[in-house]
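Step one of this worksheet: look at the structure below.
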Amino acid sequence: MASTQMGVVRAPGRVNLIGEHIDYCGLPVFPMAIQRSVRIAFDARADREVQLGNRDPGFAASTFTLTQQIPPARAGDWGNYARAAGQALIQRFPSLRGIDALVESDLPIAAGLSSSSALVVAMALAILHANGVTMAPLELMDLLARGERYVGTAGGGMDQSIILGAQAGCASRIEFHPLRLTPTPVPAGWRFIVAWSLVHAEKSGAVQQVYNERTRSSDEARRLLARRLGLPESTTYPALLEAGSVEELLEAGSTLAGQFARRFRHVVTEAMRVGQAEAAMAAADLAAFGRLLDASHASLRDDYEVSHPELDQLVELAREAGAAGARLTGAGFGGSIVALCPAGRAAEVLAELEARFYAPRGAAGAAGRYAFSAEPSGGAEVIRA
Ligand code: GLA
């Protein structure tokens, strides 16, 4: 075994502030990276094996070889996210050698904070670094977004982009086709509280089917709408938004069959909220940002139907505790909420969630583990060579 290239890489989780379930429609989103992360200590090997261990004994060791077609482990196996990174890279750099990798993480799993994409990104950076290979960040974001579909989820490109491209202290608007990140500083007096609903939302498990169904139905809504407007069926969402005013689009969308009308309305109104939220942050208008979070949650719950009663309850409690607004974040169906409040109110919001959500569910002492104030953090990096 060669050990010329050792190191430690860190890839943060992310919380999406607004722009939910629209990245795969090619529309901008507005997430930030958080202080919790996946870290991998790695050591280059002379052969093409990847030997994967995890500090958490709940995750069994896993081994694979960097071949052109890496066979997946059984569905739901955490090692498939590492394989996804390997498979994406090997198609670009066919002669990469493997690594010994030890993973540790303080990111809650299946909580809507992108622990899986953080693992994909950390793994990719570890393999690249061990091989002395570099890639342009935008190219790597795109490669890994496509690469993660290896696990069977038809995800968009938000997670890998923010995990790689975040700037400390900022949230970023991410545009697609072409990919571009534009940071906005998070006002010093704002706190984004993240709180887990205690409902697991496993992207490679039960959530996969419903998630993939949403990507299909939003695309079908787009196709139907384009046809109704006499536009080519290939007209993309960004092109639709340029073709008419929002009012015209919503009017036309309301004539689609029930479910498609609702899916379409979510996509269009959420896209509007992203631009408005970015402006509200730049203007440090906390109340306006809060109202947009509330509107996003209602749209995700009623039109896109990706909420869960426990998420709705958390959102309500956060608002009652003094948050300016709150909504589910990530894919939904469980996972976490994000709530915005003034810095001086954060401790109170966390204490209220502890008393009114976690304690009654037998998870007393959870604020801290399951609910915390998210710090806008920098993107993935090799922290020790
Ligand atoms: C998951 C996907 C993202 C995005 C969100 C919903 O996190 O990985 O690409 O679609 O769901 O906004």
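The values are calculated or read from the model by the stated rules, or taken from the named source; none is laboratory data. All of these numbers come straight from a predicted model, not from anything done at the bench. Neighbour counts run over all protein chains shown; Cβ positions are idealised from the backbone, glycine included. Side chains are part of the model used for accessible areas, which takes the heavy atoms of the whole protein and leaves out ligands, DNA and RNA. Shrake-Rupley method; radii C 1.70, N 1.55, O 1.52, S 1.80 Å.
Structure notes:
- Each Lys and Arg contributes +1 and each Asp and Glu -1, all at the Cβ; summed about the Cα centre of the chain, the dipole is approximately 540 debye.
- For the pair region 179-222 and region 79-108, the centres of their Cα atoms are 23 angstrom apart.
- Most fluctuating residue given options GLU148, GLU242, GLU316, as computed from a GNM of the chain linking Cα atoms under 10 Å: GLU242
- Derived scalar couplings between HN and Hα for region 196-207 equal 7, 7, 6, 9, 5, 10, 7, 5, 9, x, 4, 6 Hz in order, rounded to whole Hz, by the Karplus curve 6.51 cos²θ - 1.76 cosθ + 1.60 (θ = phi - 60°), x for Gly and Pro.
- Computed FRET value (nearest 0.05) for THR134 with SER254, which takes r as the C-beta separation and R₀ as 56 Å: 0.70
- Cα extents of region 230-343 along the three principal axes, largest first (Å): 49, 33, 19
- Apportionment of accessible area to carbon and sulfur, region 166-223, percent (1.4 Å): 53
- Highest-fluctuation residue, ALA11, ALA374, ALA282 considered, GNM on the chain with Cα pairs under 10 Å: ALA282
- Charges were assigned to the Cβ only: +1 to each Lys and Arg, -1 to each Asp and Glu. The resulting dipole of region 310-385 about its Cα centre is roughly 140 debye.
- Taking only protein heavy atoms and a 1.4 Å probe, the accessible area of region 246-385 is 51% carbon and sulfur.
- Distance histogram in 20 Å bins (all Cα pairs of the chain, percent per bin): 30, 56, 14, 0
- Taking all Cα pairs closer than 8 Å and separated by 6 or more residues, the relative contact order of the chain comes to 24 percent.
- Counting only protein heavy atoms and a 1.4 Å probe, region 277-364 has 34 square angstrom of accessible area per residue.
- Positive end of the dipole of the chain (Cβ unit charges, origin at the Cα centre): among PHE372, HIS129, VAL274, the Cα lying farthest that way belongs to HIS129.
- Label separation (ARG48 vs GLN35): 4.3 nm, computed from points 7 Å beyond Cα along the C-beta direction.
- Percent carbon-and-sulfur accessible area, region 1-105, ignoring ligands, DNA and RNA, probe 1.4 Å: 52
- Accessible area per residue for region 162-234 is 46 Å², calculated with a 1.4 Å probe on protein heavy atoms, without ligands, DNA or RNA.
- Rounded Å value of the spacing that divides the Cα centres of region 1-56 and region 255-314: 28
- Whole-Hz Karplus values for region 325-334 come out as x, 7, 7, 5, 10, x, 5, x, 6, x Hz, taken residue by residue from phi with 6.51 cos²θ - 1.76 cosθ + 1.60 and θ = phi - 60°; glycine and proline positions read x.
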